[in-house]
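Below you'll find the structure, written out as structure tokens, and then a few comments.
Please treat every number below as a calculation from the coordinates, not as lab data. Computed from a predicted model, the values in this text were never measured in an experiment. Here the Cβ is made from the backbone with ideal geometry for all residues, glycine too, and neighbour counts use every protein chain on show.
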Amino acid sequence: MSDYCNICDTRRPQGGTNHLILNYGELWLEYCNKCGEFEKLANPVTGEVKTIAELATSARASAEERMRRETCEFCGSDDMSYGGLCQTCATGHYA
């Protein structure tokens, strides 16, 4: 991380910023905790408005839920690795 808040335009101590990646990787926001709590983003499609911190928390929870539900496409194992496969299938069948 560069530790530079894109919102308040200030350099922060090392580890003092977070990243939020939106629009399938087209938009990267680096923000400090203070800006994350107060700066709001609006969804142009739904009109929904959330703070950056609320959006980041929601995205993190969604990603964790997806990881809990996924199973290997090849063998059905829940020991997921990468690309929809468990570690055994990813290294054994597609190596």
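What angle, in degrees between 0 and 90 and rounded to the nearest 10, separates the Cα long axis of helix 52-69 from the longest principal axis of the Cα atoms of the chain?
Helix 52-69 sits roughly 10 degrees off the main axis of the chain.
Positive end of the dipole of the chain, charges at C-beta (+1 Lys, Arg; -1 Asp, Glu), about the Cα centre: which of G76, C86, Q14 has its Cα farthest in that direction?
Of the listed residues, the answer is Q14.
Would you work out the relative contact order for the chain, in percent, from Cα pairs under 8 angstrom that are 6 or more residues apart? Don't skip to the answer; put the middle values down first.
Values: 112 pairs, mean separation 13.5, N = 95.
Relative CO of the chain lands at 14 percent.
Of the listed values (1) 15.7; (2) 21.3; (3) 14.8, grab the one calculated as Kirkwood radius over Cα pairs in Å from the structure here.
Derived directly from the coordinates: (1).
Specify which residue in the list T51, L27, F38 is farthest towards the positive end of the charge dipole of the stretch 4-67, using unit charges on the beta carbon of Lys, Arg (+1) and Asp, Glu (-1), about the Cα centre.
Farthest towards the positive end: F38.
Can you compute the charge dipole magnitude of the chain about its Cα centre, using +1 on each Lys and Arg Cβ and -1 on each Asp and Glu Cβ, nothing else charged? Give it in debye, rounded to the nearest 20.
About 200 debye.
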